[in-house]
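Some notes on the structure that comes next.
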Amino acid sequence: MTGEKNLILVVGPTAVGKTDLCLMLAKKFETEIVSCDSRQFYREMNLGTAKPSPEELALVPHHLINTRSIAEEYDVKRFEKDGLEILETIFKTNSVAIMTGGSGLFADAIIKGFDEIPTVAPEIRPMVIAAYEEKGLGWLQAEVARIDPEYFSQVDQQNPQRLMRALEVYRGTGLKFSSFRVKRAAVRPFRILKIGLERDREELYRRIDERMDQMIDQGLFEEAESLFAQRHLNSLQTVGYSEIFGYLEGNYDRAEAVRLLKRNSRRYAKRQLTWFRRDAEISWFHPDQSEKILAWLASQMA
């Protein structure tokens, strides 16, 4: 197929409605969906990552969902390579591809590329881990907020692995982790059309709470319990699992775990919006504005 290639990127906070819109767009353009969600790679994590259902996955081809085990290391540079290779394959037969997710860092990997992060002396990581284990998450959060406030404002602040990585890089290089975000965007062989989905805060928070109730009814606590023995893995240091692990460790009761699940999911949504709103190239729509979105895409592709 000749002509310009178009990547439609659909971003937005958790529970805003990205899945339904992307399924509609994929059917409209007879194309495929690539996930840029940093948690949906993992086969063992289903309910807690709000993956599309098996029925939704069967409607159109999806990529980079259920492709890794939680025990595998998978970072943003490897994702960039995998994602670009998949897009190259899609564009051999389609002029349009869809990419979606709530992970701004992984979306940026495809849009802009990333500088290589230098190797850090191996003795630094054990020292950072030991300090975290001695002083706790609050200390780790304060350290990263102090040395790299830009990264701290965007990262999952409940994820000690991500925070320790930032501290490790800073101690090993003297440079902020955020400084390795590429300063000049890579040139991609396709046009990128950025759609952001938003709802009123009250509406979004209600949807987050309702979806959490639904996930719990479907077995979220049981899923987390099945992964409890592996809770030390980087892939499991995330909202939706950490709160239940704390309950299973006896730190608080089930009702408190549910409260934390909802609160931390709302906080995560707020951080997602903060990240995406920094990008002036994103055009924002309510998820129900499908006709308006299609008209905007047609104008951009003309």
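Rule-based calculations on the coordinates, nothing more; no lab input. These numbers were taken from a predicted model, which means no experiment stands behind them. Using ideal geometry, Cβ is built from the backbone for each residue, glycine included, and neighbour counts are taken over all protein chains shown.
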Discussion item. Test of understanding: what is the full-extension gain from Ala186 to Arg278, defined as 0.36 nm times their sequence separation minus their Cα-Cα distance?
Written reply: 31.3 nm
Fill in: Along each principal axis, Cα extent of region 124-180, largest first, Å
28, 22, 16
Worksheet entry | Distance from region 234-259 to region 278-296 (C-alpha centre basis), Å | 35
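Write down Rg/Rh for region 89-169, rounded to two decimals, with Rg from the C-alpha atoms and Rh from the Kirkwood relation over Cα pairs.
Values: Rg = 16.9 Å, Rh = 15.0 Å.
Ratio of gyration radius to Kirkwood radius for region 89-169: 1.13.
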Item to complete: Above 28 angstrom, tally the Cα pairs of the chain and express them as a % of all pairs, no decimals.
Response: 40
Worksheet item: How high is the relative contact order of the chain, in percent, with contacts defined as C-alpha pairs under 8 Å that are six or more residues apart?
Response: 27
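If each residue of separation counts as 0.36 nm, what is the full-extension length gain between Ala131 and Ser53 once their alpha-carbon separation is subtracted?
Result for the pair: 24.0 nm of gain on full extension.
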Worksheet, complete the sentence: Charge dipole of region 152-197 built from unit charges on the beta carbon (Lys, Arg +1; Asp, Glu -1), centred at mean Cα; most positive-end Cα among Leu163, Pro189, Ser153 is Pro189
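If you take every DSSP beta bridge whose two residues both sit in the chain, what share of them, in percent to the nearest 5, is antiparallel?
Values: 1 of 22 bridges.
Given both bridge residues lie in the chain, the antiparallel proportion sits at roughly 5 percent.
Dipole of region 127-270, Cα-centred, from +1 at each Lys and Arg C-beta and -1 at each Asp and Glu C-beta, to the nearest 20 debye?
Values: 25 positive and 22 negative charges, 232 e Å.
Dipole about the Cα centre, nearest 20: 1120 debye.
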Worksheet item: What dipole magnitude, in Debye to the nearest 20, does region 124-180 give about its Cα centre under +1 on Lys/Arg Cβ and -1 on Asp/Glu Cβ?
Response: 120
Practice prompt. Rank Ala71, Ala257, Ala58 by mean-square fluctuation in a GNM of the chain with C-alpha springs under 10 angstrom and give only the top-ranked residue.
Written response: Ala58
Practice prompt. Quick one: grab Rg to one decimal and Dmax as a whole number for region 23-141, Cα atoms only, in Å.
Written response: 17.6, 54
Response to the item:
Out of Phe285, Phe221, Phe276, a Gaussian network model of the chain with alpha-carbon springs under 10 Å gives the largest mean-square fluctuation to Phe285
Worksheet entry | Inter-part distance where region 144-207 and region 4-19 are each reduced to a Cα centre, Å | 18
Practice prompt. Starting with the fewest neighbours, write out Glu291, Glu222 ranked by other beta-carbon atoms found within 10 Å of each beta-carbon.
Written response: Glu291, Glu222
Worksheet item: For the cross-link pairs Lys28/Lys270; Lys92/Lys292; Lys92/Lys112; Lys28/Lys92; Lys112/Lys270; Lys51/Lys262, which exceed 26 Å when the distance is taken from alpha carbon to alpha carbon?
Response: Lys28/Lys270; Lys92/Lys292
Discussion item. With just the Cα atoms defining each centre, how far is region 20-52 from region 81-101? Give it in Å.
Written reply: 14
Worksheet, complete the sentence: Whole-Hz Karplus couplings 3J(HN,Hα) for region 291-296, θ = phi - 60° and coefficients 6.51, -1.76, 1.60, Gly and Pro as x, run 5, 5, 5, 5, 5, 5
Item to complete: With θ set to phi - 60°, apply the Karplus curve 6.51 cos²θ - 1.76 cosθ + 1.60 along region 241-258 and write out the HN-Hα couplings as whole Hz, x wherever there is a Gly or Pro.
Response: 10, 4, 5, 6, 4, x, 5, 5, 7, x, 6, 6, 8, 5, 4, 5, 4, 5
Worksheet item: Which whole-Hz couplings ³J(HN,Hα) result when phi for each residue of region 134-142 is put into the Karplus expression 6.51 cos²θ - 1.76 cosθ + 1.60, θ = phi - 60°, listed in order with x for Gly and Pro?
Response: 7, 9, x, 5, x, 4, 5, 4, 5
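Using the Cα centre of the chain as the reference point, and only Cβ charges (+1 on K/R, -1 on D/E), how large is the resulting charge dipole? Debye, rounded to the nearest 20.
On the way: 43 positive and 45 negative charges, 200 e Å.
Dipole magnitude for the chain comes out near 960 debye.
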Fill in: Residue of Arg278, Arg231, Arg254 that the Gaussian network model of the chain assigns the largest fluctuation, springs spanning Cα pairs under 10 Å
Arg278
Item to complete: Could you point to the residue in Phe41, Ile65, Val11 farthest towards the positive end of region 10-102's charge dipole, with +1 and -1 charges on the Cβ of Lys/Arg and Asp/Glu respectively?
Response: Val11
